[in-house]
């Protein structure tokens, strides 16, 4: 693991370029009174983090107390988080004592446990990157955009490798239909198409996260925006046009225009709840609101505006099927999460009961 060497301003507001704001300063007040200093997480390597504070970048670990009090994986720092460092820690290894409340969090449901996994924190804009080669997949795009809306950030669809598109205009129209109301930009780092339009969306102190499958060109796009190679890249597999993993860790970079957060390709992306669907499927929800019955299932009910839109071509059947599938998945995750939470609470109270019983026995003997 190597420490990145990114310069930090020596001005009184050294962290402004990293997104520090007056709101964060106010929220940090009680932590500053405890002698803690603000920093932002730029990388995570298992249980060790790279953070940037007013003095520069350094390694950090969470304190023992933090680890003891964290109830779940999502409570631990993620790349993009603002944290409080123990000022008394050594220069070689700082200690993270607290996390500031997140403004947004791009998260997914873990494949096995369905627990929340935070991919990127405090993001302003999510670039959902998908390539215009044979791996172009509208259903996957819908899923990513829904998760982006769910995060609390603003999604933007980036159609990379536009120079490989057989029908660029058709792909743009299809992506716009799959993500209604979301800006869609076709980009080619080979020809330069769309790069300036993308660059204009990255503002000083603002954080943009790039998410998408492996091989869609996230790292290549970051290198093009930076003007030099920041991230290693690799070619796609020729048999199915799918990518190989080159980004192994999440990494927050500071460019001249602002901040970009690169993420490894996600094999699976599961919703945590239905919140993101309202932004991704506004067309379906608007039509559902016009149905005669508020609980219309869009099957055989009379006066169904959704079925009418399907019949006259205003609504794509695949788009509706994707919405219904994501609703089922989100509700399943919510149900299972409630079960896991109740079981965790029961285990916690059993442990407390055993601990109290052992203390009582040690103090008073058998009762």
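Residue separation of residue 282 and residue 167 scaled by 0.36 nm, minus their Cα-Cα distance, works out to 38.8 nm of gained length.
Remark: 327, 145, 52 ranked as 327, 52, 145, counting other beta-carbon atoms within 10 Å and listing the fewest first. As a rough footprinting exposure proxy, the listed residues 204, 332 were ranked by other beta carbons within 10 Å of their own, and the order from fewest upward is 204, 332. Beta bridges assigned by DSSP with both partners in segment 105-262 are antiparallel in approximately 35 percent of cases. Ordering 59, 281 from the fewest to the most neighbouring beta carbons within 10 Å gives 59, 281.
State the antiparallel share, in %, of DSSP beta bridges confined to segment 16-99, rounding to the nearest 5.
Here the share of antiparallel DSSP bridges comes out near 80 percent.
Computed from the C-beta positions of residue 190 and residue 45, the FRET efficiency with R₀ = 22 Å rounds to 0.10.
All of the numbers you see were taken from the coordinates with simple rules; none came from a lab. Everything numeric in this text was worked out from a predicted model, so none of it was measured. Cβ atoms come from the backbone with ideal geometry, glycine included; neighbour counts cover every protein chain shown.
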